[in-house]
Amino acid sequence: MGWICGTTAPVAPLGGRPLWQEETSSHRVWVVDDGDFPGVRTCESTDARLAVVGDAWVSEDELRRALLDVRREAWRFLTRWPGSYWVIAQHRNRTVVLSDLAGARPVFHARLRGEAVWATEATPLAALTGARTDHEAIVQTMVTPDLGELAPLTTTFRGVRRVPGGHLFTVDDDAGSTRPYEPLGQGTPFADGVDRFRDALLGAVEVRVRNAGGLVSADTSGEDNTTSLGRLTVRRSPLLDPGIVAPLPAPAAFWDLERSPLTDQPFADAVRWPQLRDRYRRAASAGSALHLVGSGRDQLLTAPVTALADLAATGQHLALWRASVTQARRRGLATHEVYRAGVLLARTSYSAALRELADGITAPGRAAARAISWLPPSGAAAWLTPAARVATAAVVQGVAMRAHDIAIGMSARRIWDEVHLTGPRFAGLAAQAAAAGCALSAPFLDNEVVRAALAVPVHEHLHLHQRTPLLTAALQAVGEEPVERGAGRADDDGRLGVTGNLAAVRELLAGSELVAHGLLDARAIERDLEALRADGAAGGAAGGPAADRGGGRREAARVTTVRALETLVSTELWLSRHRHVSAADLWETNVRVRC
């Protein structure tokens with residue numbers, strides 16, 4: 001895979017080629033690849049330039065007309081074509097780089113001797129600027145994965161920042177700045193939202209089928225979020241053979257970790273590489289030109305339990321009670337406990353939620369005692385050393401002091417934050433799939449699909465019997481029924497993977513960099529590993545882990561621990577294999593600037 005970069009500094013990437021034929025700006029942009037970089041489309045006039053890089057299905061006429069949007073700086077209009085892509089524009093000696101709404105097409109930025117430099121991978125920027133691994137930031141994001149002011153912005157490198165989804169990075173002379181281009185608003189009634197979402201999703205699938213240039217594959221086994229896409233694709237693609245797309249049985253998570261391809265940034269699904277590898281190799285060997293995955297479905301279409309607060313805040317008490325019954329059943333909690341938690345959440349300001357998060361980091365037992373929280377710390381909070389605990393809580397307290405009122409409501413903000421985390425996770429997934437010879441695409445993460453899903457108020461995604469009512473209604477309108485994936489299946493797989501591959505996990509964690517830097521307590525991690533081992537042994541004797549679903553809090557604690565271990569193991573795996581790259585390996589310095 002290649003990467004794109006740009007800067008006003010006198011440097012150039014080795015093997016890079018200019019994005020445009022002639023440089024007319026002091027800010028130069030390059031594409032670095034081996035000739036296989038996804039589609040690069042450019043268009044320019046005497047005063048404006050536009051490039052769309054990636055899987056963008058846009059005609060030449062549409063691209064030329066879009067130069068008007070560049071001139072009037074209507075950046076949002078440049079993100080409405082189907083597909084997944086970066087947008088790069090130049091006008092009046094200003095360069096603007098746009099990621100997609102979810103951040104699946106990542107953009108990173110840093111400073112080099114006071115000048116802005118950006119790239120679509122973080123590692124080249126770290127090499128250029130000499131940035132070292134930021135172990136403290138890694139731990140902070142592990143503990144607070146849901147914090148929108150932290151996790152979607154940071155990287156594993158000190159001084160290298162991420163442009164979050166729905167934002168643009170502007171380089172004007174030597175300065176660089178980040179700001180949102182997408183207004184975060186809701187207000188589309190559910191009935192109208194069904195039509196908009198259906199059209200956006202069908203359009204995203206159909207354009208991929210028409211333009212793939214070969215067989216399009218997707219999972220139709222019912223085992224993951226891709227099944228609905230698979231059924232849509234079967235109806236629309238004579239090139240798809242349903243027999244090749246159902247995955248073969250594969251080992252549990254945490255197996256064969258060392259063979260996982262190294263990605264630009266760590267991501268939790270790296271612990272599932274053997275399963276994913278088998279699936280993607282099977283699609284590739286059958287001749288698939290494009291494999292559709294369901295990344296983003298749950299984050300966009302499944303209402304978080306915190307949506308109960310929206311019902312409480314708007315006085316919909318009967319709807320709140322009904323939703324509490326459903327949520328309590330799914331979590332093994334008492335209905336009145338969930339109902340009361342929804343009411344309390346409705347009375348909690350954002351700054352107060354941040355202070356609760358800091359309190360939960362300082363004393364993890366207090367966070368575990370809450371049935372529902374706006375921003376619960378991850379299971380990694382229990383592994384912090386005293387010094388790291390104080391430092392991480394202080395970072396969150398600082399965010400709380402700077403917090404201001406949220407215009408769109410906290411449930412909507414939480415979903416946007418989750419979407420901004422899903423995009424980078426898919427980027428890692430796609431990079432690993434490419435190593436198995438498989439090209440991935442995620443229709444749910446198309447900009448217009450994201451907009452359509454999030455235009456519907458969060459609480460209208462709550463349903464007594466359906467996890468994804470908007471998707472259900474949209475598919476029923478075209479004669480399809482969605483497959484509801486069983487809740488907790490991935491968590492069960494992760495738990496079985498930990499207990500079944502405990503020796504390998506312990507061997508990897510024995511050389512933990514985060515422990516060596518005094519950030520995590522090895523004994524605390526070992527206690528949780530041993531508890532999972534003992535629980536697995538007891539569960540196996542009683543018919544498996546799923547048999548112990550009665551204790552809601554206990555089950556939630558297990559899930560929290562397993563998810564934290566997935567993040568920890570994938571991060572330590574990345575740290576153990578990442579090696580510092582010098583600027584000379586990737587960059588040519590002291591390049592003469594011509595403009």
Breaking point among (1) surrounded by 17 or more Cβ atoms within 10 Å (Cβ to Cβ); (2) without any contact (Cβ under 8 Å) to a residue 60 or more places away in the chain, for THR326: (2)
The number of residues in segment 514-536 that are open to solvent by 60 Å² or more (accessible area, probe 1.4 Å) and not in a loop (DSSP other than H, G, I, E, B) is 6
For segment 104-131 the number of residues that are part of a strand (DSSP E or B) and open to solvent by 10 Å² or more (accessible area, probe 1.4 Å) is 4
For segment 54-68, enumerate the residues that are modelled with pLDDT of 95 or more and either open to solvent by less than 20 Å² (accessible area, probe 1.4 Å) or under 22 Å from LEU153 (Cα atoms) (or both). LEU63, ALA66, LEU67
Condition first: under 20 Å from ARG196 (Cβ atoms), in a loop (DSSP other than H, G, I, E, B) and not polar (S, T, N, Q). Can you find one or more residues in segment 428-450 that meet it? yes
Return the pair list, or none, for Cβ contacts closer than 7 Å from residues in segment 254-280 that are closer than 15 Å to LEU568 by Cα to residues that are hydroxyl-bearing (Ser, Thr, Tyr) and in a helix (DSSP H, G or I), at least 6 apart or on different chains. PRO266/SER570; PRO266/THR571; PHE267/SER570; ALA268/THR567; ALA268/SER570; ALA270/SER570; VAL271/SER570
Hand me the list of helices (runs of 4 or more DSSP H) wholly inside segment 291-409 holding 3 or more residues that are closer than 22 Å to MET142 by Cβ. 350-362, 364-369, 386-402
Please state which of the following conditions GLU149 fails to meet, knowing it meets all the rest: (1) open to solvent by less than 30 Å² (accessible area, probe 1.4 Å); (2) closer than 25 Å to LEU375 by Cα. (1)
The correct count of residues that are open to solvent by 30 Å² or more (accessible area, probe 1.4 Å) and more than 20 Å from ALA319 (Cα to Cα) in segment 465-477 is 2
Restricting segment 481-503 to residues that are touching a Phe, Trp or Tyr at 6+ places or on another chain (Cβ under 7 Å) and in a helix (DSSP H, G or I), the residue that is modelled with the lowest pLDDT: GLY497
LEU462 meets each of (1) more than 19 Å from ASP192 (Cα to Cα); (2) open to solvent by less than 40 Å² (accessible area, probe 1.4 Å) with one exception, condition (1)
Kindly list, by first and then second residue, each pair from a residue in segment 298-323 that is acidic (Asp, Glu) to a residue that is assigned to a helix (DSSP H, G or I) and open to solvent by 40 Å² or more (accessible area, probe 1.4 Å), limited to pairs with Cβ atoms under 7 Å and residues at least 6 apart or on different chains. ASP310/HIS459
Could you say which residue among VAL171, VAL194 is farther than 23 Å from LEU301 by Cβ, at pLDDT 90 or above and open to solvent by less than 60 Å² (accessible area, probe 1.4 Å)? VAL171
Please tell me if VAL96 is within 25 Å of GLY428 (Cα to Cα), of a type in the set (A, V, I, L, M, F, W, C) and in contact with a Pro (Cβ under 8 Å, 6 or more places away or on another chain). no
Going through segment 74-89 one residue at a time, which ones are part of a strand (DSSP E or B) and over 15 Å from GLU62 (Cβ atoms)? SER84, TRP86, ILE88
Filter result for THR46 (free of Cβ contacts under 8 Å to residues at least 12 places away in the same chain, of a type in the set (Ser, Thr, Tyr) and farther than 29 Å from THR154 by Cβ): yes
Out of the residues in segment 271-304 meeting the condition of being β-branched (Val, Ile, Thr) and crowded, with 24+ Cβ neighbours inside 10 Å, tell me which one is farthest from VAL458 (Cα to Cα). VAL271
With respect to ALA358, determine if the residue is in contact (Cβ under 8 Å) with a residue 12 or more places away in the chain and open to solvent by 20 Å² or more (accessible area, probe 1.4 Å). no
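The values are calculated or read from the model by the stated rules, or taken from the named source; none is laboratory data. No experiment lies behind these values; they were computed from the predicted model shown. A quick note on method: Cβ atoms are made from the backbone with ideal geometry, for glycine too, and the neighbour counts reach across all protein chains shown. We work out accessible area using only protein heavy atoms, side chains counted, and drop any ligands, DNA or RNA first. Shrake-Rupley method; radii C 1.70, N 1.55, O 1.52, S 1.80 Å.
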